[in-house]
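Below: the structure, in structure tokens.
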Amino acid sequence: MAAEATFRAGLAYRKEAQTADRDQTTAGQAIAKFTDFMALYPNDPRVPDAQKYIALLRGEQARGNFVIAQFYEKRKKWEGARIYYNEVLLQDPNSPYATEARQRIDELKQRPPAAGK
């Protein structure tokens, strides 16, 4: 019963994460639940599903961070953009967003630091 509850909690967070556009908190909670599930019940037949969900959630986190980075970049907040592009690489270095995030980081490094106010 505990395995079922933990897995279902992960599914609930996953469902909620799909509706959050910028807030990646619930995706992180879903990943944590699925990770707990796999650690506590490594022989459960749903472990491959949990692994698949984690990969999808990490991809969603990468997408969300990429969108936030673009937001900062459009507003010429170079350091904020760089931080979020880096988060893309930390969340999922193999995501479809990773290559462009690396390119954007390299380009942002070429920019002079912003003048203080």
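For the chain, how big is the tail of P(r) above 23 Å, as a whole percent of Cα pairs?
That tail contains 40 percent of the Cα-Cα pairs.
Just need the relative contact order of segment 55-117 here, percent rounded to a whole number, with Cα pairs under 8 Å and 6+ apart.
Result for segment 55-117 is 33 percent.
Once the convex hull of the alpha carbons of segment 1-66 is built, what does its volume come to per residue, in cubic angstrom?
Convex hull of Cα atoms, per residue: 61 Å³.
Ordering VAL88, VAL67 by how much accessible area each has at a 1.4 Å probe, largest first, what is the list?
These residues rank, largest area first, as VAL67, VAL88.
May I ask for the angle, rounded to the nearest 10°, between helix 78-91 and the longest principal axis of the chain, with both axes built from Cα atoms and the value confined to 0 to 90°?
So the inclination is approximately 30 degrees.
Would you mind working out the accessible area per residue for the chain, using a 1.4 Å probe, and quoting it in Å²?
65 Å²
I need the trypsin sites (Lys or Arg not before Pro) found in segment 1-104, filtered to DSSP loop residues with at most 13 other beta carbons within 10 Å of theirs.
Here the sparse-neighbourhood loop sites are ARG22, ARG75, LYS76.
Ignoring ligands, DNA and RNA, what percent of the 1.4 Å accessible area of the chain is carbon and sulfur?
Carbon and sulfur: 52 percent of the exposed surface of the chain.
Which angle between 0 and 90 degrees, to the nearest 10, do you get for helix 98-110 versus the longest principal axis of the chain when only C-alpha atoms count?
The two axes meet at around 30 degrees.
The values are calculated or read from the model by the stated rules, or taken from the named source; none is laboratory data. This one's a predicted model, so the numbers in the text were calculated from it and none came from an experiment. Cβ: placed from backbone, ideal geometry, glycine included. Neighbour counts: every protein chain shown. All accessible areas refer to the heavy atoms of the entire protein, side chains included, with ligands and DNA or RNA removed. Shrake-Rupley method; radii C 1.70, N 1.55, O 1.52, S 1.80 Å.
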